[in-house]
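To start, the structure under review is shown below, and the notes come after it.
The values are calculated or read from the model by the stated rules, or taken from the named source; none is laboratory data. Here the structure is a predicted model, which means the values were calculated and not measured. In this analysis, Cβ positions are derived from the backbone assuming ideal geometry, glycine residues included, and neighbour counts consider all displayed protein chains. Heads up: the accessible areas ignore ligands, DNA and RNA and are worked out on the full protein's heavy atoms, side chains in. Shrake-Rupley method; radii C 1.70, N 1.55, O 1.52, S 1.80 Å.
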Amino acid sequence: GEDVEQSLFLSVREGDSSVINCTYTDSSSTYLYWYKQEPGAGLQLLTYIFSNMDMKQDQRLTVLLNKKDKHLSLRIADTQTGDSAIYFCADAQGGKLIFGQGTELSVKP
Amino acid sequence: EAQVTQNPRYLITVTGKKLTVTCSQNMNHEYMSWYRQDPGLGLRQIYYSMNVEVTDKGDVPEGYKVSRKEKRNFPLILESPSPNQTSLYFCASSSNYPNTGELFFGEGSRLTVL
């Protein structure tokens, strides 16, 4: 079936930029999403990108989409300790969201 | 306050003892879904419902049942729980799915089956 892959862990220092990567296999994806899960909580939609876009910026967040390579990334500028969380990319396929495994971002002071 | 409410948040039970995890949303959303979250596997969809009285299997429906008799409620039923159903469960809802994919999630229900 269709698949969404992420690395499991990323550790950065406070103030640095974080880049979380995701690859997907479905060539017919129309929307791709980033969700954030803080400890002990449910997921919250962080941002999304339509498949005809290459980039989307929203304050400290930049989403890059490379459709040819089926690669999605989330860059967080000036990473703060409050950004520590699990980040999931997700691909809308046939009326449902397929989630990646989640990348646990650890921000060290 | 717009929210998705799940109960119970934590539950320890024994193999074979039927249980129900309730889910309720107050946003008048048509779409509701159940996921389970396991380490290294991300979220996997169990069942979903596009509207009242319409339910469909997700990727891992075995051992689960659902019902959608009212728009706001979408309970998850484990008729005979087994240890491999030990997991963190999330209910989610949306009004505009799948076009924007903005799912609103509950806080999760951590289930342990002994």
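Please work out if residue B:43 is over 20 Å from residue A:44 (Cβ atoms), surrounded by 22 or more Cβ atoms within 10 Å (Cβ to Cβ) and in contact with a strand residue (DSSP E or B) (Cβ under 6 Å, 6 or more places away or on another chain). It would help to see each step written out before you state the result.
Numbers: over 20 Å from residue A:44 (Cβ atoms): no; surrounded by 22 or more Cβ atoms within 10 Å (Cβ to Cβ): yes; in contact with a strand residue (DSSP E or B) (Cβ under 6 Å, 6 or more places away or on another chain): yes.
When the stated conditions are applied, residue B:43 does not pass them.
Checking each residue of the range A:51-69 against the condition of being open to solvent by 40 Å² or more (accessible area, probe 1.4 Å) and under 15 Å from residue A:100 (Cβ atoms) gives no match. Note on the range A:39-70: among residues that are within 14 Å of the chain's Cα centre (by Cα) and part of a loop (DSSP other than H, G, I, E, B), the one that is nearest to the other protein chains (Cβ to nearest Cβ) is A:70. All conditions but one from (1) open to solvent by less than 10 Å² (accessible area, probe 1.4 Å); (2) part of a strand (DSSP E or B) apply to residue A:79; the one that does not is (2). Which residue out of B:95, B:82 is open to solvent by 30 Å² or more (accessible area, probe 1.4 Å), more than 22 Å from residue A:45 (Cα to Cα), in contact with a strand residue (DSSP E or B) (Cβ under 9 Å, 6 or more places away or on another chain) and touching a residue at least 60 places away in the same chain (Cβ under 8 Å)? Being open to solvent by 30 Å² or more (accessible area, probe 1.4 Å), more than 22 Å from residue A:45 (Cα to Cα), in contact with a strand residue (DSSP E or B) (Cβ under 9 Å, 6 or more places away or on another chain) and touching a residue at least 60 places away in the same chain (Cβ under 8 Å) holds for just one of B:95, B:82, which is B:82. Within the range B:14-31, being modelled with pLDDT of 95 or more and part of a strand (DSSP E or B) holds for B:19, B:20, B:21, B:22, B:23, B:24, B:25. Would you mind stating whether residue A:76 is touching a residue at least 24 places away in the same chain (Cβ under 8 Å), among the hydrophobic types (A, V, I, L, M, F, W, C), within 10 Å of another protein chain (Cβ to nearest Cβ) and out of contact with any Phe, Trp or Tyr (no Cβ under 7 Å at 6 or more places or on another chain)? Judged against the criteria, residue A:76 is not a match. Looking at the range B:53-106 only, could you name the residues that are hydrophobic (A, V, I, L, M, F, W, C) and in a loop (DSSP other than H, G, I, E, B)? Once the filter is applied, which keeps residues that are hydrophobic (A, V, I, L, M, F, W, C) and in a loop (DSSP other than H, G, I, E, B), the range B:53-106 yields B:60, B:74, B:103.
Any idea how many residues of the range A:32-45 are touching an Asp or Glu at 6+ places or on another chain (Cβ under 9 Å) and either within 13 Å of residue A:73 (Cβ to Cβ) or open to solvent by less than 50 Å² (accessible area, probe 1.4 Å) (or both)?
In the first step, residues of the range A:32-45 are kept if they are touching an Asp or Glu at 6+ places or on another chain (Cβ under 9 Å); the result is A:32-33, A:36, A:40-42, A:44-45.
Filter once more, keeping what is either within 13 Å of residue A:73 (Cβ to Cβ) or open to solvent by less than 50 Å² (accessible area, probe 1.4 Å) (or both): A:32-33, A:36, A:41-42, A:45.
Of the residues in that region, 6 qualify.
Which residue is nearest to residue B:31 (Cα to Cα), if the candidates are limited to the range A:90-109 and must be more than 7 Å from chain B (Cβ to nearest Cβ) and open to solvent by less than 10 Å² (accessible area, probe 1.4 Å)?
From the range A:90-109, those more than 7 Å from chain B (Cβ to nearest Cβ) are A:91, A:93-94, A:98, A:103-109; that's our starting set.
Still in the list and also open to solvent by less than 10 Å² (accessible area, probe 1.4 Å): A:91, A:103, A:105.
Working: A:91: 17, A:103: 27, A:105: 30 Å.
Looking at the filtered set, the residue picked out is A:91.
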